[in-house]
Amino acid sequence: MQLTMDREQEEIQFLGLFDIYVEAYKVIYQWKKIFSQITLSLILPMSFIFLAYKEVYHLFFSDLKHSEYQLQHTHTQTAKYNKISDHINSELTSLRLFIIVYFTIFIIFSLLSTSAVVYTIASIYTAREVSFKKVMSVVPKVWKRVMVTFLCAFLCFFIYNLVSFFVLAIWFVWAFSMQGENDGLAKFILVIMAIIYVVGSGYLSVIWYLASVVTVLEDSYGVKAMFKSKDLLKGKMKIALLFLFKFNLSLGVLNFIFDKFVVDGNHHMHLGMLYRVGVGLLCLILLFTLMLFGLVIQTIIYFVCKSYHHENIDKSALSDHLEVYLGEYEPLKSKDVQMESYEV
């Protein structure tokens, strides 16, 4: 090893976002073998599934649009009309099933990837010998805890969106009742509501991401991990939000390129199939690289937050609890590893 985070732990808190990027690159480069193995086994399939979903969904959607067009130009109460209608219902059922299966598989790979990367970095940080076989033997047990945290985060997002929907409904009723008398004010309030919603979504997302790391490295999971994450982010929320913004922006650019030149490639016949395949492969490479860096960075942010709150990590205790005892994963105990405060 060692992680460049081997610098004095109280100094880690001063890492800026660019420094965190450099730190992530150094960690991945120094341990490229195990991160390559994790990428090929977990992150690459997750990235492929993500891009394949967009292509398959587009095919489903195109077929539905064509069938609906035919239905609109077919006389009702005819055999052809009934046949097309049955086909549309069948396609809708298949599409719903496909979406459910996709999200289930994607979430599983996502949580497994998170568990693997966080566990690996923690092992590197403690100078513990780490191998791909060892990581993969521990990950399924850690994953169960991460799933609980994910479900709690999902519930939070559901409640947040439900409340947002009711607020929007109230605004719509109020704006409609004004009947154009204060259109400017109504639009201004809508913009403010949209900004608040986006910021709130980002806030919840950052808490969830860090809570996943907390779940792997400490004895907290579920709601406790969410609250622990919220406390850790105090003072470092700007860096975390900026990272999330840049990550989602990069993901959005990749999505745009893939949609434009691969998914919608049939509308640009001059591009050719070989060109579409080339762009698709490039997007896949960039996507799994982005995913890997994102997982490493969110783990490093955890250590930065720990340092910022003057919580010194006991490496020996952390190392012990990352081991597999009697086939069971032992989470960190607060009294052992939940980091003693140090004087600055």
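The values are calculated or read from the model by the stated rules, or taken from the named source; none is laboratory data. Treat the numbers as computed from the prediction; the structure is a model and nothing was measured. Don't worry about glycine lacking a Cβ; one is built from the backbone with ideal geometry, like all the others, and counts go over all protein chains shown. Heavy atoms of the whole protein, side chains included, go into the accessibility calculation; ligands, DNA and RNA do not. Shrake-Rupley method; radii C 1.70, N 1.55, O 1.52, S 1.80 Å.
For region 113-203, applying the loop criterion from DSSP together with a ceiling of 10 other beta carbons within 10 Å to the trypsin sites (Lys or Arg not before Pro) yields no site. Annotation: amide H of E218 within the under-5 Å range of L332, sequence separation 5 or more or interchain, hydrogens built in the peptide plane.
I want the local charge near I257. Using Cβ-Cβ distances under 15 Å, sum +1 for each Lys or Arg and -1 for each Asp or Glu among the other residues. Neighbourhood net charge equals 0.
Applying 1/(1 + (r/R0)^6) with r as the Cβ-Cβ distance of V167 and F245 and R0 = 22 angstrom yields a FRET efficiency of 0.40.
Counting Lys and Arg as +1 and Asp and Glu as -1 over every other residue whose Cβ lies under 13 Å from the Cβ of C283, the net charge comes to +1.
Of all lysines in the structure, those lying under 18 Å Cα to Cα from K224, and not within fewer than 8 positions of it along the same chain, are K144, K234, K306, K333, K335. Here region 1-112 exposes an accessible surface that is 62 percent carbon and sulfur, computed with a 1.4 Å probe and the other protein chains kept in place. Between I285 and S177, the C-beta separation translates, for a Förster distance of 56 Å, into a calculated FRET efficiency of about 0.60. What is the sum of charges around F243, taking Lys and Arg as +1, Asp and Glu as -1, for the other residues whose C-beta is under 15 Å from the C-beta of F243? My count for the surroundings of F243 gives +1. For region 91-242, the solvent-accessible area of protein heavy atoms averages 53 Å² per residue (probe radius 1.4 Å; ligands and nucleic acids excluded).
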